[in-house]
1. Given the stretch 147-264, what strands (runs of 3 or more DSSP E) lie entirely inside it while holding 2 or more residues that are within 27 Å of T35 (Cα to Cα) and modelled with pLDDT of 85 or more?
2. Take the residues of the stretch 68-93 that are buried (at least 16 other Cβ atoms within 10 Å of the Cβ) and among the charged types (D, E, K, R): which is farthest from A46 (Cα to Cα)?
3. Considering only the stretch 174-207, state which residues are free of Cβ contacts under 8 Å to residues at least 60 places away in the same chain and of a type in the set (D, E).
4. Evaluate the following for M54: is it within 15 Å of the chain's Cα centre (by Cα) and either assigned to a helix (DSSP H, G or I) or surrounded by fewer than 17 Cβ atoms within 10 Å (Cβ to Cβ) (or both)?
5. Can you tell me how many residues in the stretch 94-110 are assigned to a helix (DSSP H, G or I) and touching a residue at least 40 places away in the same chain (Cβ under 8 Å)?
6. Within the stretch 184-208, take every residue that is surrounded by fewer than 19 Cβ atoms within 10 Å (Cβ to Cβ) and among the acidic types (D, E) and give me the one that is nearest to I260 (Cα to Cα).
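The values are calculated or read from the model by the stated rules, or taken from the named source; none is laboratory data. No experiment lies behind these values; they were computed from the predicted model shown. Note: ideal-geometry Cβ built from the backbone for every residue, glycine included; neighbour counts use all protein chains shown.
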Amino acid sequence: MTTTTAPQGRTATAPPGRTDTAPQGRTELLRPDRTPVRVLVVDDEAPLAELLSMALRYEGWEVRSAGDGAGAVRAARDFRPDAVVLDVMLPDMDGLSVLGRLRREHSDVPVLFLTARDAVEDRIAGLTAGGDDYVTKPFSLEEVVARLRGLIRRSGTALAAERSQSTLTVGDLVLDEDSHEVSRGGDAIHLTATEFELLRFLMRNPRRVLSKAQILDRVWNYDFGGQANVVELYISYLRKKIDAGRTPMIHTRRGAGYLIKPGE
């Protein structure tokens, strides 16, 4: 676990280099339609907002961010989040004003305030204005995630689904995370350890485009820096084993990355 320092000395603890879905053994929260929980992150400090977004995506949630109050209101209208992480101090209006606008259109959405001020009156003001909880900077990302999970559960906007199964399935492709067995259409497919890890990352994020940087970070555990060729190479290995003689499931989005989806 590493600690990343945000601007102005504010710190947040970063997740351990992972960008896939909710960790094994943790209860996954889903919307009633079984789609991922949606969270809107509002903070004008881009590095901090990115850290928060990364931690929440690691939970398997869908995340959108905004850097000011006006952008937050627009994003909420379009995104319809299940929870909002809202910085109290924004460049165009304060968080309390943003909260008032959000409440007019999304009266029930839970809001977690981020504040650099720990004065009792500031906390009371936020909660009195309709905020559901608050976290004082500097904070750990684990604390933010835990508080959000609690707010979302209490709001009743999401269902709890235990990730008790070790099997990932996309179309006729099946991957067992415990036995490391892979098959397609009932035919066994033998993969190397790296190929297996790459396929697992793709299958945990079906229909989602994953960039080369994300894949490098998750599968090889190092930052993107001229090593894109290794991703392309292993994608080609997987295609030969997964898609050969079958309807392709692994697809390239030029300039964006790769995704896996059922053969059509």
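1. On the way: elements: 159-162, 167-170, 173-176, 181-184, 187-189, 250-253, 257-260.
Ranges flagged: 167-170, 173-176, 181-184, 250-253, 257-260.
2. D82
3. Listed by number, the residues that qualify are D176, D178, E181, D187, E195, E197.
4. Values: within 15 Å of the chain's Cα centre (by Cα): yes; either assigned to a helix (DSSP H, G or I) or surrounded by fewer than 17 Cβ atoms within 10 Å (Cβ to Cβ) (or both): yes.
Judged against the criteria, M54 is a match.
5. Here the count works out to 2.
6. E197
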